[in-house]
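Please treat every number below as a calculation from the coordinates, not as lab data. Note that the structure is a prediction, hence the values are computed from the model and not measured. Positions of Cβ are generated from backbone atoms using ideal geometry, with glycine treated the same way; all protein chains shown enter the neighbour counts.
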Amino acid sequence: MISRIHRFHGHGSLRYVYQNGKTVRGPLCSIKYSRNERRKSYRLAVVVSKKVHKSAVKRNRIRRRLYETYRLTASDIEAYDIVLTVFHEQIAEMPIEEVHAMVKAQLKQAGISTKKS
């Protein structure tokens, strides 16, 4: 799980990202992001709706896997507000290496990652 300083608090911040952020869309999820000059580190929210899967257990599993992936790549992420929206339940069953690769590719495409490899 990611630490508390990397989480959103309240709906106002999310609303700002939804209205003013840029989007990078992949086949299973999309990243909506906005630069945050007031912070020194990133903030992240993972949104998994009931349309993805009816079971809260599955939705929470998807959420936990994505939070863990971002936690492992935290040193490479600049000070952005990031909202990750999941479209497909396939993420819950994917090998974790594929999830890591998908997230890194989307971060690189968005220009959020500081790592230039």
Length released on extending from Arg15 to Glu97, taking residue separation times 0.36 nm less the Cα-Cα span: 26.4 nm
Highest-first arrangement of 105-111, 36-42, where packing means the average Cβ count within 10 Å: 105-111, 36-42
Counting all C-alpha pairs of region 4-110, share separated by more than 25 Å (%): 14 percent
When each of Lys32/Lys115; Lys51/Lys108; Lys51/Lys104 is checked by Cα-Cα distance, pairs over 22 Å: Lys51/Lys108; Lys51/Lys104
Most fluctuating residue given options Ile96, Ile77, Ile31, as computed from a GNM of the chain linking Cα atoms under 10 Å: Ile96
Placed amide H near Cys29: partners under 5 Å, 5+ positions off or other chain: Phe87
Degrees between helix 11-20 axis and first principal axis of the chain (Cα, 0 to 90, nearest 10): 80 degrees
Region 4-110, dipole about Cα centre (Lys/Arg Cβ +1, Asp/Glu Cβ -1), debye to the nearest 20: 480 debye
Within a Gaussian network of the chain (alpha carbon springs, distance under 10 Å), most fluctuating of Arg71, Arg15, Arg59: Arg15
